[in-house]
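Notes for the one structure printed next.
The values are calculated or read from the model by the stated rules, or taken from the named source; none is laboratory data. Here the structure is a predicted model, which is why all the values come from computation and not from measurement. Cβ: placed from backbone, ideal geometry, glycine included. Neighbour counts: every protein chain shown.
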Amino acid sequence: KWTSRLSDEVAVPLIRKMLVPGTVDRAIFTEVICALMREGADSPRLILGAAPYSAGIWATPPQDRVIQKNDIVLCEPIVPLRHYQTERMYTFALARPSDVPESQKRGAQVIYESFQIMLEEMKPGRELRDVYVKANNHIKNKGYAEGATVLIGHFIGMDNHEGGRITEEGTKGVILEPGMVISWHPNVVVPGDGGVRTICSDTILVTEKGAEMMSKLPMEPIVYL
């Protein structure tokens, strides 16, 4: 929870402040990572991909690219401390809602809904496969035939990626238990006109009552800047 607080209170406000047209992406990486280290994080990382909605890219290392008006930005601070860590990924739009294509807004809403399905379904005693199938099928049923473009999630333990892959096959027989920590990030990337680049993500703690989001910031399909 401490690492999530660092993300909420240090990384995200700085990212929002720096995501303005004319900023070079490398400057955001540098400032955010340095700020997190000053607050005590161990080797923090940042995932950031700024590009048009139609670019068909996920997130990348620094590209020395200048942030542009109307960019869609997929951005995730990863904050570790003594092997505890959390991550949360955001879809930012450097635009007014009226300037964002309908395909981008629709895709973001579908992914947001898939995340909410996971929150409702993830309870101790359930097979993780059932949760995965329900959340991923929602994406497929809304017209994205392949479901999530990138892996929909992973367990977090002493390492950022730990345990089996969260796929339909990889979750078979995995029973949810209190204390499990999972990064859950439904997403879809479709290139070209009518495309979309979007994700909804947080680190989830399985409790006796269900799923608890580690981040305390509001969840939105798109964060408009």
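Structure data summary
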| quantity | calculated |
| --- | --- |
| Residues of the stretch 111-165 that turn out to be outside any loop (DSSP other than H, G, I, E, B), more than 21 Å from ARG45 (Cβ to Cβ) and of a type in the set (Asp, Glu), as a count | 5 |
| Of all residues in the stretch 88-104 being assigned to a loop (DSSP other than H, G, I, E, B) and within 17 Å of the chain's Cα centre (by Cα), the one that is nearest to ASP159 (Cα to Cα) | ARG88 |
| Lone qualifier among ILE57, ILE33 - being among the β-branched types (Val, Ile, Thr) and crowded, with 17+ Cβ neighbours inside 10 Å | ILE33 |
| Check on GLY179, over 18 Å from the mean Cα position of the chain (by Cα), under 21 Å from ILE111 (Cα atoms) and assigned to a loop (DSSP other than H, G, I, E, B) | no |
| Cross-chain or 6+ apart pairs with Cβ under 7 Å, the stretch 162-191 first and among the basic types (Lys, Arg), then part of a loop (DSSP other than H, G, I, E, B) and surrounded by fewer than 18 Cβ atoms within 10 Å (Cβ to Cβ) | ARG165/LEU151 |
| SER43 without any contact (Cβ under 8 Å) to a residue 40 or more places away in the chain and within 23 Å of MET214 (Cα to Cα) | yes |
| Members of the stretch 45-87 that are touching a strand residue (DSSP E or B) at 6+ places or on another chain (Cβ under 8 Å), in a loop (DSSP other than H, G, I, E, B) and among the charged types (D, E, K, R) | ASP64, ARG65, ASP71 |
| When residues of the stretch 149-189 are limited to those that are crowded, with 19+ Cβ neighbours inside 10 Å, touching a helix residue (DSSP H, G or I) at 6+ places or on another chain (Cβ under 7 Å) and among the hydrophobic types (A, V, I, L, M, F, W, C), the one farthest from ALA135 (Cα to Cα) | LEU176 |
| Boolean, GLU168 is part of a loop (DSSP other than H, G, I, E, B), at pLDDT below 95 and farther than 19 Å from TRP58 by Cβ | yes |
| The one condition in (1) buried (at least 23 other Cβ atoms within 10 Å of the Cβ); (2) modelled with pLDDT of 95 or more; (3) closer than 30 Å to PRO178 by Cα; (4) within 18 Å of the chain's Cα centre (by Cα) that GLY107 fails to fulfil | (3) |
| Hits in the stretch 91-124 (condition: among the aliphatic types (A, V, I, L, M) and farther than 19 Å from LEU205 by Cα) | ALA93, LEU94, ALA95, VAL100, ALA108, VAL110, ILE111 |
